[in-house]
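Inspection log for the structure reproduced underneath, given as structure tokens.
Each value in this text was obtained by applying a stated rule to the coordinates, not by laboratory testing. Treat the numbers as computed from the prediction; the structure is a model and nothing was measured. Cβ placement follows ideal geometry from the backbone for every residue including glycine, while neighbour counts extend to all protein chains displayed.
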Amino acid sequence: MKFYRLFFLSIVIITGASAKAQQSTVKVKFPVLGKNDTIRVASTNEDGEMIPWIPLNEVIIYGYRIFKTPEDRAAFNRLRYNVMKVMPYALYAKRRYEQLEKDLAGAEDKKLQKKLVKQCDKEIKDMFNREIKELTISQGQILTKLIDRELGRTTYEIVKETKGGITAFLYQSVARVVGHNLKSKYNPSEERDIESIILSSGFYQ
């Protein structure tokens, strides 16, 4: 008799616990998810486990520049102004000559090649007559260095490749008269201020 009572009591306890569990399950409320609550991300299968990941943009941190004197600050601000002034021209020259190289690589006819070179030369000259001729000597010197930075070739080498050695020599002679040097090369370690200005300017974003 005691056994049946114990068995009956166990059934009552289990049934009651199950009912409470069902009641507690029913009472649980989950938040309603909206369309913006699910973020789709890339994932990588690592030994059978899918690991989500999100690519992040590069963050460059620069130290705050401290100048010894107001004159040093003024000189740096002038340099920054000049670099910001001529950098778009260097980037334009880079894009234009890269396009010229692609066009020349796909053109086997020499007449077509000369036509492409002439067209590129005209576009550069038009830009020179429209805007670059107004540059100061300092800005022109910076521009020749930046062209070497962007193209990996000096302005003299570019003219020599596209127009010939004699034309490059004449251009260099004229440039020297007004204080320019078409053979100027860019050395990041020597032009640390210019390099810092370019990297912090956002030209490549």
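Values as computed for the structure displayed
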item	result
DSSP-assigned coil residues among trypsin sites (Lys or Arg not before Pro) in region 50-103, each with at most 16 further Cβ atoms within 10 Å	65, 68
Total lysine pairs under 24 Å (Cα atoms) in region 54-126, excluding pairs fewer than 8 apart on one chain	26
Formal net charge of residues neighbouring residue 102 (Cβ-Cβ distance under 12 Å; K, R +1; D, E -1)	-1
For residue 197, net neighbour charge (Lys/Arg +1, Asp/Glu -1) across residues whose Cβ lies under 13 Å away	+4
Cβ crowding within 10 Å averaged over residues, with 41-48, 135-142 ranked highest first	135-142, 41-48
Simple label model, 7 Å out from Cα along Cβ direction - residue 193 to residue 40, nm	5.0 nm
Segment residue 200-residue 127, length gained on full extension (0.36 nm per residue, minus Cα span)	23.7 nm
Net charge of Cβ neighbours under 14 Å - reference residue 168; Lys, Arg +1; Asp, Glu -1	+2
